[in-house]
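Student: Sharing a structure with you now.
The values are calculated or read from the model by the stated rules, or taken from the named source; none is laboratory data. Just so it is clear, the model here is predicted, and its values are computed rather than measured. Cβ placement follows ideal geometry from the backbone for every residue including glycine, while neighbour counts extend to all protein chains displayed. With ligands, DNA and RNA removed, areas are computed over all heavy atoms of the protein, side chains included. Shrake-Rupley method; radii C 1.70, N 1.55, O 1.52, S 1.80 Å.
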Amino acid sequence: MDSTNSSTHHPTTLAVLQLFRAHGGSRYGGENVSQLEHALQAAFFAEREGASSPLIVAALLHDVGHLLHDLPADAPDRGIDDRHEELGAHWLQARFAANVCDPVQLHVVAKRYLCAVEPTYLGQLSAPSIQSLGLQGGPMSPDEARQFEQHPHFCDAVRLRKWDDAAKVEGLVTPYIEHFAPHLDAAAKLAGAAE
């Protein structure tokens, strides 16, 4: 049953679900999952760890920028950083509060951070993620890492990054996107209350 036809959902929730219906079937870079599968896996891992609704939404939407740009799928092979974290955060800022937008904007920076502070982290990255790391600036310097640790959403960005890295499992069974509609509703309502 598709619960998204209900007028009870927030307009932002409906817009997100429509965006994934329109573009979620595209391949997620060089990985063996689609954009939608990657998003669902990240949100599933966040929910399983008891994350808040805004952080589950950030996990679901961390790569929404890939659904918004018109660059070719092989942009990294051409040496192009699509800056999807900036594009995605910009799109989200009109719809959600900082507790969703900031972790999304910082999830690429969090990869650079983890490469600098966790000795085994780089070896756990997929080949496409290592390729994009080079385009994104490589591991942080110690000064950059210390500065990043001061950001109010630093911990959430690091948690999100780890779910992102894990969310590339071909054939993993997750809930459908409609399952996450209540989290989207809650986060969108929180953003409206904060205005």
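Student: Spin-label point model (7 Å from Cα, Cβ direction): what's the His23 to Tyr176 distance in nm?
Tutor: With each label point 7 Å from Cα toward Cβ, the separation is 2.3 nm.
Student: Take the Cβ-Cβ distance between Asp143 and Val169 as r, set R0 to 45 Å, and report the resulting FRET efficiency rounded to the nearest 0.05.
Tutor: It comes to 0.80.
Student: Give me, ordered by chain and number, the residues 5 or more places off Ser34 or on other chains with an amide H under 5 Å from its own placed amide H.
Tutor: Sorted by chain and number, the residues that satisfy this are Tyr28.
Student: For Leu55, what charge total do you get from the other residues with a beta carbon under 10 Å from its beta carbon, if Lys and Arg give +1 and Asp and Glu give -1? Intermediate values should be presented prior to the final figure.
Tutor: On the way: positive: Arg159; negative: Glu47, Glu49, Asp156.
Neighbour charge sum, excluding Leu55 itself: -2.
Student: Relative contact order of the chain: what whole-number percent is it, with Cα pairs under 8 angstrom and at least 6 residues apart? Write down the numbers at each step before the final one.
Tutor: Details: 259 pairs, mean separation 62.8, N = 195.
Normalised by residue count, the contact order of the chain is 32 percent.
Student: If you roll a 1.4 Å probe over the chain with all protein chains in place, what percent of the accessible area is carbon or sulfur?
Tutor: The value for the chain is 54 percent carbon and sulfur by accessible area.
Student: If you stretched the chain out fully between Glu86 and Thr120, how much longer would it get, using 0.36 nm times the residue separation minus the C-alpha to C-alpha distance? Before the final figure, lay out each step's value.
Tutor: Working: separation 34, 0.36 × 34 = 12.24 nm, distance 2.72 nm.
Net length gain for the segment: 9.5 nm.
Student: Right, here's the next one. Show me the ranking of peptides 103-111, 34-42, 169-177 by mean Cβ neighbours inside 10 Å, starting with the highest.
Tutor: Packing order, densest peptide first, comes out as 103-111, 34-42, 169-177.
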